[in-house]
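Here is the structure we will look at.
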Amino acid sequence: MTDRVLILDFGSQFTQLIARRVRESGVYCEIMPFNSDETRMRGFGAKAIVLSGGPASVTEETTPRAPNWVFEAKVPVLGICYGEQTMCAQLGGEVEGGHNREFGRAEIEIKERSPLFEGVWEPGRRYPIWMNHGDKVTRIPPEFRSIGVSEGSPFAAIADEARKFYAVQFHLEVVHTPDGAKILRNFTRNIAGCTGDWTMKAFRAEAIRRIRDQVGKGRVICGLSGGVDSSVVAVLLHEAIGDQLTCVFIDHGLLRQGEADEVVSLFRGHYNIPLVHKNASDLFLGKLAGVTDPEQKRKTIGGTFIEVFEDEAKKVGDARFLAQGTLYPDVIESVSFTGGPSVTIKSHHNVGGLPDRMHLKLVEPLRELFKDEVRALGRELGLPESLVGRHPFPGPGLAIRIPGAIDRTKADLLRKADAVYLDEIRKAGLYDKIWQAFAVLLPVRTVGVMGDARSYDFVLALRAVTSTDGMTAESYPFEHAFLAKCATRIINEVRGINRVVYDVTSKPPGTIEWE
């Protein structure tokens, strides 16, 4: 079995980033709430443990603590931000609250050599880091020593190397700490001794084995959306069980231009996978009529999708399993570890179960993977780059890119304009440099003059963001000439739009989804 790292979550907005960085070092890891069942946590077989950050203060008696067994398990432990504070408080140090806040960019001065910094940071030099804390460690536990300080933190990095306990007050996992990933790699590979043998090739073989063990000779239905996740699931399942798989593709009328034809051509034509194609756009758009709240749109689409899917599943016959493209963030975000709002973010996913009346068992072979890992698996499976590298597209499709009420006319307008925008991005060679680009049809109409006549048409917003992890994002810095060209094409080619604006709003740290 491959080496594993356990990340205990105390509610940090960056916990997923810790997991991503650990996996980038070739080490498999999972996130569990700090208060998970002890038998489950111990049974995970972790070779090292990471304590995440969190919003609480260890100076309050009721706030989270690491389970005591963590410090008795004789495995390396790394505390990050709140993780350092609770480690110090629990092992005999002291933490004071609220009087020394550090948020944003800072510098750490390395005081002593340590395996944690080996080959990355040298004593006597200063390096950029990212702070995000309000409490201050004022005394470290016995046997610990300070190995790094910042202007506001005399114990910005500490170590008890006999027990292989380490902690840092800053966030290693964010891109604003440029060397953070290297330091995490030191912890997982050099200090914990993990082999780093977790690869997509190994995952592919293991996933196929698990699918065959779970499914046996049973038939499986896969809900195919045409996006990266469900497409990778479909091809992986087909490789594992062949014609035991039937894909059901439901067109809800809110897809991007040409996507329905692409799905049918690729999976029915190229892969020869049994595929049911149901055009239910009239039904979906009818149920969405007059719905303006974005969360209600999601729920309407999700509920209608289950109804249509259930009808189509009955036609397949003796299917016993349903496969879907649930990812690890879907699993995490659909269960609120600390009572936060993330439980509602993935409300259009069926994570955790299906209606009992469907009598189907879930097959979710990607539920351990992040989005970039799914793309890597898609390449490993030989899917075309045009699909694997496609920008993320939300399950509700264009519905949440049309603020306010939706109808077919608006959907068609947005579909055409979005296609022009993406076409120009591809022609300029920018598609792969952008994390996500799309158009939004605003609920605003303006008066304009086109030719010799007045027009009263919609305003379209263009959005494009860059990101290294999908957790934070910044608007892409298009040149004005490019935006002017896009606007001219859209206004000329899409009747019903007479003004185009570019949205430069950035996605703040900690926002989980950008749509």
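The values are calculated or read from the model by the stated rules, or taken from the named source; none is laboratory data. Everything numeric in this text was worked out from a predicted model, so none of it was measured. All Cβ positions, even for glycine, are placed from backbone atoms using ideal geometry, and neighbour counts span all protein chains on display. Ligands, DNA and RNA are stripped out before the accessible areas are found, and what is left, the full protein with its side chains, is counted by its heavy atoms. Shrake-Rupley method; radii C 1.70, N 1.55, O 1.52, S 1.80 Å.
Pairwise alpha-carbon distances in the stretch 154-209 exceed 19 Å for 47% of all pairs.
Among the trypsin sites (Lys or Arg not before Pro) found in the stretch 215-318, those both in a DSSP coil and sparsely packed, with 14 or fewer other Cβ atoms within 10 Å of their Cβ, are LYS217.
Protection proxy ranking of 242-252, 320-330, by the mean of other Cβ atoms within 10 Å over each peptide's residues and highest first, is 320-330, 242-252.
When Rg and the Kirkwood Rh are both derived from Cα coordinates, the Rg/Rh ratio for the stretch 162-302 amounts to 1.15. Rounded to the nearest 20 debye, the dipole size of the chain about its Cα centre is 820 debye, using +1 on the Cβ of Lys and Arg and -1 on the Cβ of Asp and Glu.
Sorting the segments 39-50, 408-419, 17-28, 381-392 by their residues' average number of neighbouring beta-carbon atoms within 10 angstrom, most packed first, yields 17-28, 408-419, 39-50, 381-392.
Given +1 at the Cβ of Lys and Arg, -1 at the Cβ of Asp and Glu and no other charges, the dipole of the stretch 1-126 around its Cα centre is 440 debye to the nearest 20. A 1.4 Å probe run over the chain, with the rest of the protein chains in place, finds 42 Å² accessible per residue. Selection among VAL248, THR39, LEU78 by position relative to the dipole of the chain gives VAL248 as farthest towards the positive end (Cβ unit charges, Cα centre). With the simple spin-label model, which puts each label point 7 Å out from Cα in the Cβ direction, the HIS359 to THR292 separation comes to 4.4 nm. Taking 15 Å as the cut-off, the amide N atoms of the stretch 104-137 that come nearer than this to a point 7 Å along the Cα-to-beta-carbon line of GLU151 belong to 104-109, 126-133.
For the stretch 169-211, the Cβ-based charge dipole about the Cα centre amounts to some 260 debye (Lys, Arg positive; Asp, Glu negative; other atoms uncharged). Which residues does a label at GLU94 reach in the stretch 147-184, if reach means a backbone N under 15 Å from a point 7 Å past the Cα toward the Cβ? It comes to 154-155, nothing else. For the peptides 175-187, 439-451, 488-500, 229-241, the ranking by packing is 229-241, 175-187, 488-500, 439-451, with the highest mean count of neighbouring Cβ atoms within 10 Å listed first.
Using alpha-carbon positions, what is the distance between the centroids of the stretch 39-108 and the stretch 205-271, in Å? Spelled out, the Cα-based centre of one part sits 42 Å from the other.
Computed extension gain for THR199 through ARG268, at 0.36 nm per residue and net of the alpha carbon distance, reaches 21.9 nm. The portion of the accessible surface of the chain made up by carbon and sulfur, rounded to a whole percent, is 49 (1.4 Å probe; DNA, RNA and ligands excluded). Projecting the Cα atoms of GLY290, ALA205, LEU266 onto the dipole axis of the stretch 196-304, where Lys and Arg carry +1 and Asp and Glu carry -1 at the beta carbon, places ALA205 farthest toward the positive end. Across all directions, the average flat footprint of the convex hull enclosing the Cα atoms of the stretch 379-433 is 5.0 nm². For the chain, adding -39500 (n - 2.57) for each run of n ≥ 4 DSSP H residues and dividing by the number of residues yields -9000 deg cm²/dmol at 222 nm. What is the distance, in nm, between label points placed 7 Å from the Cα along the Cα-to-Cβ direction at ARG367 and at LYS299? Here the answer is 2.4 nm between the modelled labels.
Less than 10 Å Cβ to Cβ from LEU236, Lys/Arg counted +1 and Asp/Glu -1: what total charge do the surrounding residues give? Net local charge, LEU236 excluded: -1.
A viscosity of 1.567 mPa s and a temperature of 4 °C, combined with the Kirkwood radius over C-alpha pairs in the Stokes-Einstein formula, give the stretch 406-507 a diffusion coefficient of 91 µm²/s. For TYR502 and ILE208, a Förster radius of 25 Å and the Cβ-Cβ distance give a FRET efficiency of 0.05, rounded to the nearest 0.05. What residue among ALA461, ILE425, LEU377 has its Cα farthest toward the positive end of the dipole of the stretch 370-481, where the charges are +1 on Lys, Arg and -1 on Asp, Glu, each on the Cβ? The one lying farthest along the dipole's positive direction is ALA461. The distance separating the Cα centre of the stretch 426-503 from that of the stretch 134-154 comes to 49 Å.
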